[in-house]
Amino acid sequence: MGEEVLADDGAARGRYRFGTAIDGLFLLGDYQQDRGSGVDARGHAVLGWDADAERYALWWFDSSGALPSGPATGSWDGATLVLERAGVARYSFTAADARLQVRIEQRRDGSGWAVVREGSYSRA
């Protein structure tokens, strides 16, 4: 569980739960967001290694109901896994000091990256 800062909506509490699937080949993640009045957003992640492209691929589904146009793909930059989807969304995951740091950025109007969600999570 952790604290989050949302670009448009202020603060929230978030929870990720991770586990492996299909003989450890994929990492599955379930997410819940609570802004104080109960869970108001959910998400599901599927992360795997694309051996042909030699990069990681992340599929993200959430309670907005929109299907992703494709996976976010990327690789490790030091201790941070950085994945980008179609030049419009970027996800950064850093595991350090018994915490998971997550940063989600979007590019709007073709300009620079803007942080839309940033959180720091610890084991519950």
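Kirkwood Rh, Cα Rg: Rg to Rh for region 2-122? Write out the running numbers ahead of the final one.
Numbers: Rg = 14.3 Å, Rh = 15.1 Å.
That ratio is 0.95, to two decimals.
Magnitude of the Cβ-charge dipole of region 15-124, K/R +1 and D/E -1, about the Cα centre, nearest 20 debye? Show your work: numbers first, answer last.
Details: 13 positive and 14 negative charges, 74 e Å.
So the magnitude is around 360 debye.
Each label point was placed 7 Å from the Cα along the Cα-to-Cβ direction; for SER75 and ARG108 their separation is 3.2 nm. Just to verify a number: FRET efficiency for SER64 and ALA96, C-beta to C-beta distance, R0 = 30 Å, to 0.05? Plugging the Cβ-Cβ distance into 1/(1 + (r/R0)^6) gives 0.50.
The numbers here are math on the coordinates, done by the rules we state, and not lab data. Just so you know, these numbers come straight off a predicted model, no measurement behind them. Note: ideal-geometry Cβ built from the backbone for every residue, glycine included; neighbour counts use all protein chains shown.
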